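Visitor: I have a structure here, written as C-alpha cells, and I will follow up with some questions on it.
Computed from the coordinates by the stated procedures, all read-outs in this text should not be read as laboratory data. These numbers come from a predicted model, not from an experiment. So basically every Cβ, Gly included, is an ideal-geometry build from the backbone, and we count neighbours across all protein chains shown.
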Ligand code: IMP
C-alpha cells in the first residue's frame, strides 16, 4: 500500500505496518492459546471493523473454540456519537462460557461497555476483551482490555478493517489522519 491515502475529503499517512501488526497479533494468539487452553472459549467478533483483526488472530488460535458475530455501531464520520446500537444480536446460550469479545478499536469504550453489560446479563463464566487498538486518552470506561496490540494517540485511523465513512477498510497497514 502507498504511504499516503486520500479517502473522500481526508488525507491519511501510513502509521502501523502490516508486518508489525502481524507480530503483535501472533503474540496475542500465543497468550490466548496458553491462557484459555481447555476452556473452549466463544469468540464474539464485533463487525464490521474487527473482521481483518479477528481473521488474523483466529487463524493463529489453535485451541478448541467457537466463533460468533455481532454488529454494533456508534460512529458516523470521525466523531463518536455516543449512541450505541446493537444491530445483529447474539442467539447463542453463553451461560457458563468463557467469552472473548474481539473489537477493532476501543475509543471512548462506550460501544463495548454497553455490549459487555448485555453479555453479563446472560451469565457467562467470564468475559475477556481482545482489541487491536486502544485510544487511552479517549477511553472513559472501566472494563479491562485483556489482549491489546497497540495503544495509539487520540487521532482518527483507517485500514486493517477500520473505515472512514465506509472507505479504507481494505488495507493490511493502518493509516492516521492528516489534520489540516
Ligand atoms: P467507542 O464506543 O468510542 O469506543 O468507539 C468504538 C467504535 O468506533 C469502534 O468499534 C470503531 O468502529 C469506531 N472507531 C473509533 N475510533 C475510530 C477510528 O479512529 N477510526 C475508525 N473507526 C473508529
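Visitor: Of the numbered conditions (1) more than 15 Å from the chain's Cα centre (by Cα); (2) surrounded by 16 or more Cβ atoms within 10 Å (Cβ to Cβ); (3) without any contact (Cβ under 8 Å) to a residue 40 or more places away in the chain, residue 134 fails exactly one; give the number of that condition.
Guide: Looking at each condition in turn, residue 134 falls short on (1).
Visitor: If you check residue 104 against the conditions, is it in contact (Cβ under 8 Å) with a residue 40 or more places away in the chain and surrounded by fewer than 19 Cβ atoms within 10 Å (Cβ to Cβ)?
Guide: Taking the combined requirement at face value, the residue does not satisfy it.
Visitor: Please go through region 157-172 and pick out each residue that is in a loop (DSSP other than H, G, I, E, B) and either crowded, with 20+ Cβ neighbours inside 10 Å or free of Cβ contacts under 8 Å to residues at least 24 places away in the same chain (or both).
Guide: 160, 161, 166, 168, 170
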